[in-house]
Amino acid sequence: MANQKLGFSVEKNIVTCTLGDKVKQIEIIHKGLIRIYEKKNPEELVKLNLHKRKVSFTAQMESGKVVIRFGDYEIFVNQKLFVEIKKNGMEYFEEYSGDAKIYGQEKDFSLSMLEGHKQEDELVSFHSQINLRLFDKEDKIYGLGDKAAQLNKRDYEYISWNTDDPTQHNESYKSLYKSINYLMVNHHNDRYYGIFYPSSYKCVFNLGRYSDEFLYIGSEKGEYDYFVLLGGTPKELSGIYAELVGHTLFTSMKMLGYHQSRWSYNESEVLDIQKTFEKKKLPLDYIHLDIDYMERYKVYTVDSANFKDLEKMTDSFEKKGVGIITIIDPAVKVEEGYPVYDTLKKNHGFATLDGKDYVNRVWPGDSKYPNYFDRKTAEYITELTGDFIRQYGVKGIWCDMNEPASFNGPLPDEVEFPTKKAMHYHDEVHNLYGEYMTRAIAKAFEKENMRPTVITRAAFATTSPFTTTWNGDNQSLWAHLSASLPQVMTMNLSNFMVNGVDIGGFGNECTKELLIRWLEANIFSLFLRNHSAMNTRHQEPYAFDEETESIYREYLKLRYEMIPYLYDLLRQGSQKGTPVLRPLFFQYPDDPEVKDMNDEMMVGDSLLFAPILHQGQHSRVVYFPKGTWIDYFTGKEYRGGRDVLVRMELSQTGLFVKKGAILPQFKGLLHIEKKKIDTLYLYVTGNNATYLHYEDDGESLDYQKGVYNEYEIRKTKEELTIRCRHDGFNTTYKNLVVLIDGKEIKVPFQKDMKVSLK
């Protein structure tokens with residue numbers, strides 16, 4: 001290439017750089033987002049929101065480089081077509097230009113290897129390999145969704161390939177249930193940028209494990225094509241990313257309540273659970289039915305032996321404030337005369353191999369996989385789901401096994417999923433299968449003017465607008481409890497905010513102490529479900545002893561008190577991409593003490609959460625960021641910028657309110673039914689505070705038409721004022737109670753009002 005000359009051309013917002021027959025293009029989508037590619041990845045199935053906005057930029061040759069300038073940024077393309085970005089003249093982002101050949105070695109623990117016989121390394125060859133410079137060993141790398149690992153994933157390798165793996169997950173597991181190809185990189189302490197790789201094909205994220213000098217994204221079939229998110233803070237990057245992949249689902253308020261589940265409840269157990277929760281005054285909003293409610297595991301059926309009258313039960317439960325959520329797997333049993341099977345077969349709605357319906361084995365036995373990518377098939381699933389929820393009165397759908405899972409080995413790469421536009425194969429759609437299943441099911445709720453009550457195990461980066469998520473088959477292990485905080489925070493960073501893990505652990509045997517600490521540590525996860533496997537110890541709140549039940553009740557009470565605060569945060573997240581549960585570095589990006597902090601989190605701007613995560617522990621060190629922090633339970637104040645040893649007995653957790661905060665609350669709820677909530681409580685601190693509170697009906701899509709209220713709340717030393725900035729909803733509030741300095745001030749609620757605090 002020595003004699004080849006670097007050149008460039010500009011067309012609209014795209015700068016095309018050429019070197020002989022090699023081409024690299026830089027597309028300036030808006031001031032916070034650029035796309036760098038040699039060839040774009042397919043865009044029919046990976047749906048992105050490229051909201052292009054005009055950016056004034058210049059492009060010219062300087063000292064043998066193409067230089068593009070806009071805003072605070074300078075983009076340099078050198079004589080080898082490598083890209084470098086500077087921000088305000090300082091190094092910010094750079095493609096790695098050194099030797100980036102990857103050599104792999106097959107592991108062999110045979111006796112001959114142990115005796116010293118050598119095995120030669122082999123060059124690893126990807127269809128595309130994106131290499132990005134790591135500036136120093138202190139660079140931090142966050143993201144990638146539900147990996148069972150710490151927040152900072154520097155020095156690890158992960159693979160984007162949705163995988164059903166029920167064994168004991170840890171940070172070395174390269175693939176779990178979701179493939180979220182998003183990284184947030186921090187270097188030089190105060191500089192952050194984001195990377196999104198928009199390919200659904202299997203790819204490897206090696207985050208400095210191979211070399212301290214670079215991270216790489218290697219894909220077997222995906223193209224050299226990626227987005228760079230430009231921003232000053234993690235908050236800015238999250239907003240840009242959420243706009244790109246689609247804002248997280250603004251789910252119903254009721255979904256933020258408590259869910260009780262087990263594999264597998266029968267009718268008498270479900271009836272007993274509802275009665276027991278009611279009798280013991282334990283808050284409850286949903287009970288989940290696992291696969292045994294179905295007739296021989298056939299989807300969209302009910303086993304009349306296990307559930308003699310599901311319609312009657314769901315109707316009775318609805319009147320008592322409790323909804324039923326049923327599991328639906330993707331695979332359809334091969335059985336002539338089974339209407340779902342017959343209809344899909346007749347309409348050519350199944351995936352094929354060599355032109356014939358592909359068969360594998362899952363819970364029902366021999367099964368076929370619906371082709372959700374085909375419009376006609378997806379519309380049928382939407383119609384089928386709508387009929388099912390109307391007939392049986394179920395309130396939500398839990399999508400499981402949709403990686404897609406299979407018992408007779410993985411689906412071959414060549415399995416066919418045709419659409420009108422193209423023939424797609426399994427290796428391209430595997431990571432998207434769960435998303436397209438949830439898309440079809442979510443539409444059934446939307447057609448009823450309801451927000452989707454859908455939960456999924458498998459997902460891609462673009463799935464969050466359609467569904468909520470949980471993180472799969474964890475275990476009743478203290479290590480899994482410890483991993484739950486960084487896992488849920490990372491899912492929030494990855495734009496999946498209504499997310500959680502199975503409280504108490506799904507597999508193995510939970511203990512009293514573990515169950516209590518697990519609930520305490522996950523009480524703010526927006527999806528809050530206790531779920532366990534058959535043949536394990538029951539772990540309902542009352543399954544151990546009176547002390548466990550009492551502590552469990554108090555924390556569910558705390559959760560339900562915080563529902564309006566969590567709902568406000570979710571609304572903000574669904575609009576702006578701001579995570580609800582945040583790593584401390586997100587809130588305090590310049591604080592070097594919090595870059596690797598896995599065991600504390602921020603719940604919005606105002607709550608610092610630091611639970612106990614280890615067996616037998618009754619105190620822990622809490623790091624307080626800058627500011628003044630108030631113990632929510634005792635009122636004790638702590639000065640920020642230091643570590644403090646805080647005592648926490650079995651019934652206690654670390655929850656601290658930032659002084660100057662306002663927290664909206666509800667009191668005394670056993671179920672979330674917005675139309676029955678008539679009192680708004682405001683927990684206020686400090687002399688000056690502001691807050692924006694949101695109100696709607698909590699369940700319909702009417703808010704999209706402006707049917708909501710937005711209240712601006714301000715507190716001074718002597719007065720609290722409320723001003724309705726948007727008045728579109730007939731409020732259910734009749735009373736306002738201000739909680740301040742240990743006293744209550746109760747007044748009639750008005751949309752615009754002043755309350756004296758003297």
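Figures for the structure shown
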item: Farthest positive-ward along the chain dipole, Cα basis, beta-carbon charges - from 635, 222, 179; result: 635
item: Tensor-based shape of the range 692-758 (alpha-carbon gyration tensor, a/c under 1.5 rounded, otherwise prolate or oblate); result: prolate
item: At least 15 Å along the helix axis (C-alpha) and Kyte average at least -1.0, DSSP helices within the chain; result: 234-245, 267-279, 375-392, 433-446, 478-493, 512-522, 563-576
item: Anisotropy class of the chain from Cα gyration tensor, a/c 1.5 cut; result: oblate
item: The range 401-443, dipole about Cα centre (Lys/Arg Cβ +1, Asp/Glu Cβ -1), debye to the nearest 20; result: 380 debye
item: The range 149-289, accessible surface, carbon-and-sulfur percent (1.4 angstrom probe); result: 45 percent
item: Inter-site label distance for residue 756 and residue 546 at 7 Å from Cα along Cβ, in nm; result: 4.7 nm
item: Magnitude of the charge dipole, the range 652-756, Cβ model with Lys/Arg +1 and Asp/Glu -1, debye to 20; result: 360 debye
item: Dimensions (Å) - the range 563-719, Cα atoms, principal axes, largest first; result: 47, 35, 34
item: Test item: Cα-centred dipole of the chain, Lys/Arg +1 and Asp/Glu -1 on Cβ, debye; result: 2580 debye
item: In the range 309-346, GluC sites (Glu not before Pro) in a DSSP loop with at most 10 other beta-carbon atoms within 10 Å; result: 336
item: In nm, spacing of pseudo-spin labels at residue 554 and residue 174 (7 Å Cα→C-beta vector); result: 4.7 nm
item: Accessible area of the range 348-407 belonging to carbon and sulfur atoms, whole % at 1.4 Å probe; result: 46 percent
item: Three-way shape label, the range 393-450, alpha-carbon gyration tensor, a/c 1.5; result: oblate
item: Percent accessible area from carbon and sulfur atoms, the range 657-752, protein chains only, probe 1.4 Å; result: 42 percent
item: Rounded accessible area per residue of the range 126-257, 1.4 Å, Å²; result: 26 Å²
item: Dipole axis of the chain (+1 Lys, Arg; -1 Asp, Glu on Cβ), positive-most option in 60, 574, 683; result: 683
item: Rounded accessible area per residue of the range 527-680, 1.4 Å, Å²; result: 37 Å²
item: Qualifying GluC sites (Glu not before Pro) for the range 652-758 [loop in DSSP, other Cβ within 10 Å: at most 13]; result: 718
item: The range 305-334: trypsin sites (Lys or Arg not before Pro) in DSSP loop, at most 12 other beta carbons within 10 Å; result: 308
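The values are calculated or read from the model by the stated rules, or taken from the named source; none is laboratory data. These numbers were taken from a predicted model, which means no experiment stands behind them. No Cβ is skipped: glycine too gets one built from the backbone with ideal geometry, and neighbour counts run over all protein chains shown. Surface accessibility is based on the protein's heavy atoms, side chains included, excluding ligands, DNA and RNA. Shrake-Rupley method; radii C 1.70, N 1.55, O 1.52, S 1.80 Å.
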